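Q: My structure is below; once you've seen it, I'll send some questions.
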Amino acid sequence: MTVDHSELGVLFVDIADSTGLYKRHGDELAHEAINECISMMSRTVIKADGKVIDQIGDELMCTFPDIMGMARVSQELIASVGMLRVGEPQEFLKVRVGFYYGSVMQESGRIFGDTVHTAKRMVDQAKAMQVITTRKMVDQVTVGPDYFSRFVDHVLIKGRNEEEEVHELLWNDEGLTISRTGRVVKLSERKACVLTLRYNQTERRMEGTDTVLTFGRTPQCDIYLLHPGISRQHGRLEYRRGQFYLVDQSTNGSFLGKDGKIRTHVRREEMKLEGAGFIRFDADMDSDLPAIDFVVEEPAG
């Protein structure tokens, strides 16, 4: 067999919490929804000049000729799959994406090498509706106005002696020019807190098993806030190492406050949530924009 060496982009896309879909909606409905999702993802990849190399369960391994093609298709995968839903009450499907570009070995239609290992490590780091890649990749993607990034963590890649800096790739979904920002946050290990949220006459508790809740004006977000002043994928609430964080990825930002007063403007960065307060999307307390009230309950002891 002839082994070819070439430069390629490798992208993995995985359906988030597919096991939970089976538990919540039953085998038949979940299986049908996952098959439809796989078909849609495959069509999206092929339409973007990519190739589907392999399917491992509910995960696709794909190749692309260039980095920007992977960045664009990552955005399309998140958006297109987000329109699929399953069950009653309806639940929107979500995917997570990881990619990397570099040297690969090809043999009989299969690909091997460090690039494949790195791309797989990236998708393993991703959460629902996240696109994860290395600092090297985002440096090449975020030179233009359409993308920016947020530092996530340092991870060890198989076969390497040093940790790799990984970032979440984000994009401007409002069609406006945005700047690239990033901030390293060191987190200490702590016992788990509980976050209670109130919005639109709804109450919801977020614990360690709920690692990410998205909010925005698209129905596929976990917290659906319909208002033109709110971005389509405005931001996320993340649970990490016993604490909760507001991660803003919007054009206009989010406003954190307490006791009826706005305290902090969070824009394309993250902020730890503490005590009782609120998240608003306008500095005007009298505006008609919806708000999210929250209470962080610290662990006993």
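Q: Would you confirm, using the coordinates I've provided, whether residue 60 is of a type in the set (A, V, I, L, M, F, W, C), within 21 Å of residue 212 (Cβ to Cβ) and either in contact with a Ser or Thr (Cβ under 9 Å, 6 or more places away or on another chain) or part of a helix (DSSP H, G or I) (or both)?
A: Taking the combined requirement at face value, the residue does not satisfy it.
Q: With the requirement that a residue be crowded, with 16+ Cβ neighbours inside 10 Å and either of a type in the set (Lys, Arg) or touching a Cys at 6+ places or on another chain (Cβ under 9 Å) (or both), what does region 241-253 give you?
A: Matches in region 241-253: 243, 244.
Q: What's the number of the condition residue 89 fails, among (1) of a type outside the set (S, T, N, Q); (2) out of contact with any strand residue (DSSP E or B) (no Cβ under 9 Å at 6 or more places or on another chain); (3) part of a helix (DSSP H, G or I)?
A: (3)
Q: Let me ask something else about it. Cβ-Cβ under 7 Å, sequence separation 6+ or interchain: first residue in region 95-116 and assigned to a loop (DSSP other than H, G, I, E, B), partner among the aliphatic types (A, V, I, L, M). Which pairs?
A: Qualifying pairs under 7 Å: 108/1; 113/104; 113/105.
Q: Among the numbered conditions (1) at pLDDT 90 or above; (2) surrounded by fewer than 18 Cβ atoms within 10 Å (Cβ to Cβ), tell me where residue 256 comes up short.
A: All conditions are met except number (2).
Q: Now, a different point. Given the residues 58, 49, which is the only one that is touching a Gly at 6+ places or on another chain (Cβ under 8 Å) and either within 18 Å of residue 18 (Cα to Cα) or of a type outside the set (Phe, Trp, Tyr) (or both)?
A: Numbers: 58 fails: touching a Gly at 6+ places or on another chain (Cβ under 8 Å).
So the residue among 58, 49 that is touching a Gly at 6+ places or on another chain (Cβ under 8 Å) and either within 18 Å of residue 18 (Cα to Cα) or of a type outside the set (Phe, Trp, Tyr) (or both) is 49.
Q: Taking region 251-266 as the region of interest, how many residues are in a loop (DSSP other than H, G, I, E, B) and either under 14 Å from residue 294 (Cα atoms) or in contact with a strand residue (DSSP E or B) (Cβ under 6 Å, 6 or more places away or on another chain) (or both)?
A: Let us first name the residues in region 251-266 that are in a loop (DSSP other than H, G, I, E, B), namely 251-253, 259-260.
Narrowing the set further to residues that are either under 14 Å from residue 294 (Cα atoms) or in contact with a strand residue (DSSP E or B) (Cβ under 6 Å, 6 or more places away or on another chain) (or both) leaves 253, 259-260.
So the count comes out to 3.
Q: A follow-up question, please. Within region 61-82, which residues are touching a residue at least 40 places away in the same chain (Cβ under 8 Å) and either among the charged types (D, E, K, R) or not assigned by TED's automatic domain parsing to the domain that holds residue 128 (or both)?
A: Answer for region 61-82, where residues must be touching a residue at least 40 places away in the same chain (Cβ under 8 Å) and either among the charged types (D, E, K, R) or not assigned by TED's automatic domain parsing to the domain that holds residue 128 (or both): just 66.
Conditions (1) of a type in the set (Lys, Arg); (2) in contact (Cβ under 8 Å) with a residue 60 or more places away in the chain; (3) under 26 Å from residue 131 (Cα atoms), marked per residue:
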| position | (1), (2), (3) |
| --- | --- |
| 206 | no, no, yes |
| 222 | no, no, yes |
| 225 | no, yes, yes |
| 235 | no, no, yes |
| 259 | no, no, no |
| 267 | yes, no, yes |
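One line per residue, one yes/no per condition, for (1) of a type in the set (Gly, Ala, Ser); (2) surrounded by 14 or more Cβ atoms within 10 Å (Cβ to Cβ):
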{"residue": "33", "(1), (2)": "yes, yes"}
{"residue": "39", "(1), (2)": "yes, no"}
{"residue": "64", "(1), (2)": "no, yes"}
{"residue": "76", "(1), (2)": "no, yes"}
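Q: Related question: Quick check on my filter: what residues within region 263-292 are among the small types (Gly, Ala, Ser) and modelled with pLDDT of 90 or more?
A: Of all residues in region 263-292, those among the small types (Gly, Ala, Ser) come to 275-277, 283, 287, 291.
Answer for region 263-292, where residues must be among the small types (Gly, Ala, Ser) and modelled with pLDDT of 90 or more: 275, 276, 277, 291.
Q: Any chance you could count how many residues in region 12-31 are loosely packed, with under 12 Cβ neighbours inside 10 Å and among the acidic types (Asp, Glu)?
A: The qualifying residues number 2.
Q: For region 153-172: of the residues being touching a helix residue (DSSP H, G or I) at 6+ places or on another chain (Cβ under 7 Å) and within 17 Å of residue 235 (Cβ to Cβ), which is surrounded by the fewest Cβ atoms within 10 Å (Cβ to Cβ)?
A: For region 153-172, the residue satisfying everything is 171.
The values are calculated or read from the model by the stated rules, or taken from the named source; none is laboratory data. Bear in mind the structure is a predicted one, so any value in this text is a computation, not a measurement. Please note: Cβ atoms are built from the backbone with ideal geometry, for glycine as well, and neighbour counts cover all protein chains shown.
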